[in-house]
1. Could you tell me which of rounded, prolate or oblate describes the range A:244-284, using a ≥ b ≥ c as the square roots of the eigenvalues of the alpha-carbon gyration tensor, with rounded for a/c under 1.5 and, failing that, prolate when a/b is larger than b/c and oblate otherwise?
2. Between beta-carbons, use under 15 Å as the cut-off and find the net charge around A:R184, counting Lys and Arg +1, Asp and Glu -1.
3. Please list, in order along the range B:98-107, the HN-Hα scalar couplings obtained from phi with the Karplus expression 6.51 cos²θ - 1.76 cosθ + 1.60 (θ = phi - 60°), rounded to whole Hz, x for Gly and Pro.
4. Taking only DSSP H segments of four or more residues, each worth -39500 (n - 2.57), what value at 222 nm results for chain A once the sum is divided by all its residues, to the nearest 500 deg cm²/dmol?
5. Between their Cα atoms, which of B:K156/B:K179; B:K113/B:K156; A:K227/B:K154; B:K156/B:K181; B:K154/B:K179 are more than 20 Å away from each other?
6. What ³J(HN,Hα) values, in whole Hz, does the Karplus curve 6.51 cos²θ - 1.76 cosθ + 1.60 give for the range A:402-411 when θ = phi - 60°, with x put for Gly and Pro?
7. Let me check I've understood the local charge: for A:Q453, count other residues with C-beta under 13 angstrom from its C-beta, Lys and Arg +1, Asp and Glu -1. What total comes out?
8. What's the local net charge at A:S363, with K and R +1, D and E -1, over the other residues with C-beta under 14 Å away?
Amino acid sequence: MWSRRQGRLRPTVCGVEELRRRRREREAALRKARREQQLVSKRLLRNDAPEEAGEGCVAAILGETEVQQFLRQAQRGTEEKEREGALVSLRRGLQHPETQQTFIRLEGSMRTLVGLLTSNQALLQLEAARCLHELSHSEQSTVAEACLPATSYLLTYLSSHSSDFIELCLYTLGNLIVESEAVRRQLLPQGIVPALAACIQSPHVAVLEALGYALSQLLQAEEAPEKIIPPASASSSILASTLPQHMLQMLQPGPKLNPGVAVEFAWCLHYIICSQVSNPLLIGHGALSTLGLLLLDLAGAVQKTEDAGLELFFFQKQPSLLPEGLWLLNNLTANSPSFCTSLLSLDLIEPLLQLLPVSNVVSVMVLTVLCNVAEKGPAYCQRLWPGPLLPALLHTLAFSDTEVVGQSLELLHLLFLYQPEAVQVFLQQSGLQALERHQEEAQLQDRVYALQQTALQG
Amino acid sequence: MQLPPALCARLAAGPGAAEPLPVERDPAAGAAPFRFVARPVRFPREHQFFEDGDVQRHLYLQDVIMQVADVPEKPRVPAFACQVAGCCQVFDALDDYEHHYHTLHGNVCSFCKRAFPSGHLLDAHILEWHDSLFQILSERQDMYQCLVEGCTEKFKTSRDRKDHMVRMHLYPADFRFDKPKKSRSPASAEAPGDSGERSEGEAMEICSEPVAASPAPAGERRIYRHRSVSELFLKPVLNMCSVLRILGCTWAAALLILNSERIPSTICFGQGAARGFKSNKKKTKQC
C-alpha cells in the first residue's frame, strides 16, 4: 500500500531536505490537531496537468461576476464544448477558498450546479461533480453545508453504472461527511448506509477504495458509536447491514487482496471495534481469523521485501507498527495458555528479543509479553531456558530507563521462581553487579533487593 | 526481526495447535515487592497510544494531493462516435464514452426516452408511468414504493410517497427522479434557472426512435428496453473496456488501440474491422 502511493510521487523541483521538512511540519500539525481532537483530513482528486512547483498557481481567484458568467454559460450555452469549458473554468477557480466563498454566497449558484449535476449531458454532469468535489475539500464547514442540496443526488448516483463517476461521488461524500455533523444528520436518513452496502458489491477496485474512504470518515464521527454503528439504529446502522461481512471479505489475504482497498477497510474496522459497540458480532463474522491471517501475510511480505538488517529501518518508517503489534500480542497472550504455548512452539521468543534495542517503549512491551508467558508456570519457563533470554535480560538491566529495568526485574523474578537453575548462570554472568546499578533507584530498590537475596540464597 | 523461515509454512498448514502447556502458578509469583499481573490492555480511541498510527493514516490521506498530479492523463484515442442509433456524440477517450453511455443510454425508458441513473429508478418509473396493471392495483393497495435504498415503505399515491421522502428521508421536494406524472410542465413554464427540465428535453431528442412501439403485457415490456438492444452493439466494446479496467490497464487499452493497425479479430466491434461504428440496421426501424 505504501509503495503504491510512493511510486506515484514524481521527482519535484524541491530537494529531499525540503520534502523532509515539509513532512515534519505536516506531522507536527497533525499531532497538534489530534490532541485538540480536531483531526480532519480529506482526499482530493484533481486531474489537471500538474503545475510546476515554484510557479504561481495556474488558476486565478474568480470574482462574483465571473462565477455568475461561467454558471450561465454552462447552463445555457449553445455548444456543448462551450458549456463544458465554462464548468472547467469554474472548477479551477473553486480550488481557491475565496472563490468557494463567493460561490456559496451567490444566490442560486448551488441550485444551478445541482441542475447541471443531474442533467443528461454526461460530460457536464462529470464537470459539475468535479466542482462539487472541489467544494467538498474546503475546510470551512459553511461550504460543506452549502453542498447539502446535492447529497441526495450523490447518493442516487452511487447505484449508477459509471465507475469513475461513482468514485468521484464517494470521495466527495467522504469529504463532506467528515467536515460537518449537519451533513451527517442529513445523510443518515437519506439512506447512506444502505447505499454504501449496495455499492460495496462493485467489482471496481477504485470504487471500493473510495467507498472504504467514505465509510471510514463516517465511522470516525464522534456520534458514530451511538448513532451510526449500533444495530439498534435500524436503517442507518452499520452493524445491522451487510457491510461488516463485505469488509472482512476484502481483508482476506490472497491474490485478490488490493492494498489500497484493504487499508481503507482496515481503518473502518478499527473505528467500529474501538467504539466497543458489539465486537462479538464482528468476531462471529470471522474478524479475528481474517485479521490474524492478514497480519501474517503482511509480515511475510515485509520479510520478502526487506533485506536482512533493514527491518528496523522499515519500522522506523512506520513507528506505530511495533507498539501496536506488541500491544496485540500482549492482549492475545495475557490470559491464554494456548497463545503462550504457540509463541513458544513457533520459536518466536528469539525474534521478539531482537526487538529489545528498538526503543524503550518497545522494550517494555516485549518484556511484558515474555512475562505473560513466564507467569504461567514451570512448564513455560522450562521452554524459556536455556536460551537467549537470560543474556538479553542481563543486557536490559544495563538500560537506564526505569520502566524497562523494572519489567526486566519482574521477568527475572518469574524465571528464578519457576526455573531455579537460571540463578547460577545469572551469578556467573555478573548478574549481581548488573543489579547493583539500580539499588539506589526508588522505584526499583525493593525488587532489586529481593532478587539479590534470591540469587545469594540460590 | 528475523522470523523463523519455517514459520509461514507452519502457519499456512493451518490450526492443529499442540495442547497448551499446563499452567501452574506459585503464589510467590505475585508476592510483594513484585507486582506483575498478566492482563489485556484496552485503549479508548482517542488515547495517545494511537497517535502515531493516526498521524500515519492522515499523512497517507493527504499524500494523495501530491500524487494525483501524477495520474497519467486520460489516454486519448482516435475519435469515434457513439454507436447508439440517433446519438451523434463523438469521443476521444474511453472513460468519457463509458460515462456517456451509462448516463444517456444505460437506463433509458423505451416509452418516453427518459434516462435514469440506475436500473432501480428506471424500473420504478416504468411501473408507475407505463404499466396499466400497476394503476389498477394501486387503486386497491399501497403500491408506490419509497425510492430510497433500504426503505420498504409503500404508499397509496406518488404524492404520499414524496411527502414521506421529504419528511423522513430529507430528500428535496423537487427531486429530479421522482417527477409526478401529471405535473410535467413545459420547459417554458419553469424558472429560467432550472436546467433540469431543459436537459430532460434534450435527452429526448438525442435518443430517437423507440425500438418497439407495440404495447405488451407488463411482464414483457422489460425486454423491449432500449438497453437490451444496444447491448448487442456495445457489449463487445464495453466488455473490452471493463476487462481492461479490471486489469487496471487503461494505458494498455489506449496502446492497444493506438498501436494496432487492425483491431484484432477477437475483439468484435460490430461489422467488419472498421474503426467507426456503423449502426446495425437489422433491429432499428429508422432508415
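Just so it is clear, none of the values below were taken in a lab; they were calculated from the coordinates. Just so you know, these numbers come straight off a predicted model, no measurement behind them. Neighbour counts run over all protein chains shown; Cβ positions are idealised from the backbone, glycine included.
1. Oblate.
2. Local net charge: -3.
3. 4, 5, 4, 4, 5, 6, 9, 10, x, 10
4. Calculated from helices alone, the mean residue ellipticity at 222 nm is -20000 deg cm²/dmol.
5. The pairs that break the limit, which is 20 Å between Cα atoms, are B:K113/B:K156; A:K227/B:K154.
6. Calculated HN-Hα couplings, in order: 5, 5, 4, 5, x, 5, 4, 5, 4, 5 Hz.
7. Net charge in that neighbourhood comes out at 0.
8. -3
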